[in-house]
Amino acid sequence: MILKLALTAAAGCAFTETVGYFLHILLHSEKIAWLSRGHMIHHLKIYGPRRSLRQPGPYKDSVEGRWDFLGIGAEWLLPIVLILGGTVAVCSVLLKIPAASQAVFMAAALLWGKFMFGDMHDSMHLEGYWMATNPVLGVWYRKIRRLHDIHHLRFSEEGRMPTNFGICFFGFDRLFGTFYDNAEAFNENGYQAALRRYAEVIA
């Protein structure tokens, strides 16, 4: 029983990592333009390349003047609600998974999402976060923070940010070719292209 619960919770965490990766790509793709516009406030206005990627706390949400729930913008929240609702429907109606197992799965998925895409992500934009100097976790944390910095700073000529969509784990980036670990000269042309594309939301 304990093993089954542990495996169910692990599946919930893996589900969140998978959904988070592909949703993050969607937010950068402009395939649904309003989702990308909301996300670009974070990338180009609040923690943009011409500002420090790490600022004194608290973390600055990108939802000022917009609808949000607990600091989560609609560009994240609406897709998450739809995906979770669809998952519950499939598990209940098609797969006939017991309600208790679904509850464990969903609780783990939501808690992992809060931890990864909330707490851990937000910490990477804070000055003096304790994990950066921790003797056990510091080396690992500084490495993943650097990869997240690259996500913010590497622009294609078209003004896209095409790399490092994971937060703490970059297995999907490596698998799907979006992983990047090299420092390079800042692409000013790409940055200006992004500013032009999203001028209305970062003004």
Report summary line: Between L126 and residues 5 or more places away or on another chain, the pairs with built amide H atoms under 5 Å apart involve Q55
Query raised in the report: At q = 0.13, 0.17, 0.22 Å⁻¹, what is the log10 ratio I(q)/I(0) for segment 1-90, with the Debye formula run over Cα points and no solvent?
Result: -0.57, -0.86, -1.16
Query raised in the report: Could you put V63, V19, V90 in order, starting from the residue whose Cβ has the fewest other Cβ atoms within 10 Å?
Result: V90, V19, V63
Requested in this report: Post the alpha-carbon centroid distance, segment 41-97 to segment 22-36, in whole angstrom.
Outcome: 12
Report task. Choose one of V88, Y59, H148: the residue whose Cα lies farthest towards the positive end of the charge dipole of the chain (beta-carbon charges +1 Lys, Arg; -1 Asp, Glu; about the Cα centre). Result -> V88
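Listing T178, T163 from the residue with the fewest other Cβ atoms within 10 Å to the one with the most, what is the order?
T178, T163
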Query raised in the report: ³J(HN,Hα) across segment 153-164 via Karplus (A = 6.51, B = -1.76, C = 1.60, θ = phi - 60°), whole Hz, x for Gly/Pro?
Result: 10, 9, 10, 7, 4, 7, x, 9, 10, x, 9, 6
Report task. Determine the shape class of segment 57-146: with a ≥ b ≥ c the square roots of the Cα gyration tensor eigenvalues, call it rounded for a/c under 1.5, and otherwise prolate if a/b is greater than b/c, oblate otherwise. Result -> oblate
Report task. Would you mind calculating the relative contact order of the chain from Cα pairs under 8 angstrom and at least 6 residues apart, reporting the percent as a whole number? Result -> 25
Report task. Within segment 66-175, list the GluC sites (Glu not before Pro) lying in a DSSP loop whose Cβ has at most 12 other Cβ atoms in a 10 Å radius. Result -> E127, E157, E158
Query raised in the report: Between the DSSP loop rule and a limit of at most 12 other Cβ atoms within 10 Å, which trypsin sites (Lys or Arg not before Pro) in segment 73-144 are left?
Result: K96
**Report entry** Surrounding net charge for R54, when Lys and Arg each add one and Asp and Glu each subtract one, Cβ distance under 15 Å
**Finding:** +3
Requested in this report: Report, in degrees rounded to the nearest 10, the 0 to 90 angle that the Cα long axis of helix 99-113 makes with the longest principal axis of the chain.
Outcome: 20
Requested in this report: Please get the size of the charge dipole for the chain, origin at its Cα centre, with Cβ charges of +1 on Lys and Arg and -1 on Asp and Glu, quoted in debye to the nearest 20.
Outcome: 160
Query raised in the report: Taking only Cα atoms, what is the 0 to 90° angle, nearest 10, from helix 74-89's long axis to the longest principal axis of the chain?
Result: 20
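Using R₀ = 22 Å, calculate the FRET efficiency as 1/(1 + (r/R₀)^6) where r is the Cβ-Cβ separation of A33 and W67; round to 0.05.
Using R0 = 22 Å, I get an efficiency of 0.80.
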Query raised in the report: Mind checking the angle between helix 2-29 and the chain's longest principal axis? C-alpha axes, 0 to 90 degrees, to the nearest 10.
Result: 30
Report task. Return the ratio Rg/(2.2 N^0.38 Å) for segment 2-202, where Rg is computed over Cα atoms only. Result -> 1.08
Query - In order through segment 188-203: 3J(HN,Hα) via Karplus (6.51 cos²θ - 1.76 cosθ + 1.60), integer Hz, x for Gly, Pro - result: 5, 4, x, 4, 5, 5, 5, 4, 5, 5, 10, 4, 5, 9, 10, 5
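None of the figures in this text is laboratory data; all of them are computed from the coordinates on show. These figures come from a predicted structure and were not determined experimentally. We place every Cβ from the backbone using ideal geometry, glycine too, and count neighbours over all the protein chains shown.
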